[in-house]
1. Expressed in nm², what is the orientationally averaged projection area of the convex hull enclosing the Cα positions of the range 54-156?
2. Using only Cα positions of the range 27-113, each an equal point scatterer, no hydration layer, compute I(q)/I(0) via Debye at q = 0.12, 0.14, 0.16, 0.24 Å⁻¹ and quote the log10 values to two decimals.
3. Give me the extension gain from residue 139 to residue 35: residue separation times 0.36 nm, minus the current Cα-Cα distance, reported in nm with one decimal.
4. Calculate, for residue 95 and residue 154, the FRET efficiency according to 1/(1 + (r/R0)^6) with r their C-beta to C-beta distance and R0 35 Å; round to the nearest 0.05.
5. What fraction of the DSSP beta bridges in the range 88-155 is antiparallel, stated in percent and rounded to the nearest 5?
6. Assuming 0.36 nm per residue, please report the length gained on full extension of the stretch residue 109 to residue 124 beyond their Cα-Cα distance.
């Protein structure tokens, strides 16, 4: 199975349903001209395994450090409390709910956040968090990296 995410090819090599594990190989396009994160620690909230893997790879290729990947609101809230990070990339819908409580926790921590989702940012979220950077899937890795840096500069 081959899937394209962020312009990368992801090959599904092996799955084990009994343990919910998966082995993937990611083929990256050329990284020339990519803006670098230079050690910025990023927390990811994404429930789709292939997208989370591709996003992690893209951030690490830009010399960022992925400190955790949360698939649920519960996991994300726990990681926000426990892990040191400099920015967050968050899907609007995780396995157990919409991410409003996660956005509130990130806002309270003054964590620069980029929403990366397949759906539009709801108006009530836009009004509550006008500083929020929102990208609609799919975008190229360089755009995500640039928006993380921009959100950090804004001090969101």
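1. Average projection, Cα convex hull of the range 54-156: 5.9 nm².
2. -0.34, -0.46, -0.59, -1.17
3. Numbers: separation 104, 0.36 × 104 = 37.44 nm, distance 1.46 nm.
Roughly 36.0 nm would be gained on extension.
4. 0.75
5. Approximately 20 percent, going by the DSSP bridge assignments.
6. Details: separation 15, 0.36 × 15 = 5.40 nm, distance 2.00 nm.
The span from residue 109 to residue 124 would gain 3.4 nm if fully extended.
Values quoted throughout were computed directly from the atomic coordinates according to the rules given, and no laboratory measurement underlies them. These figures come from a predicted structure and were not determined experimentally. Neighbour counts run over all protein chains shown; Cβ positions are idealised from the backbone, glycine included.
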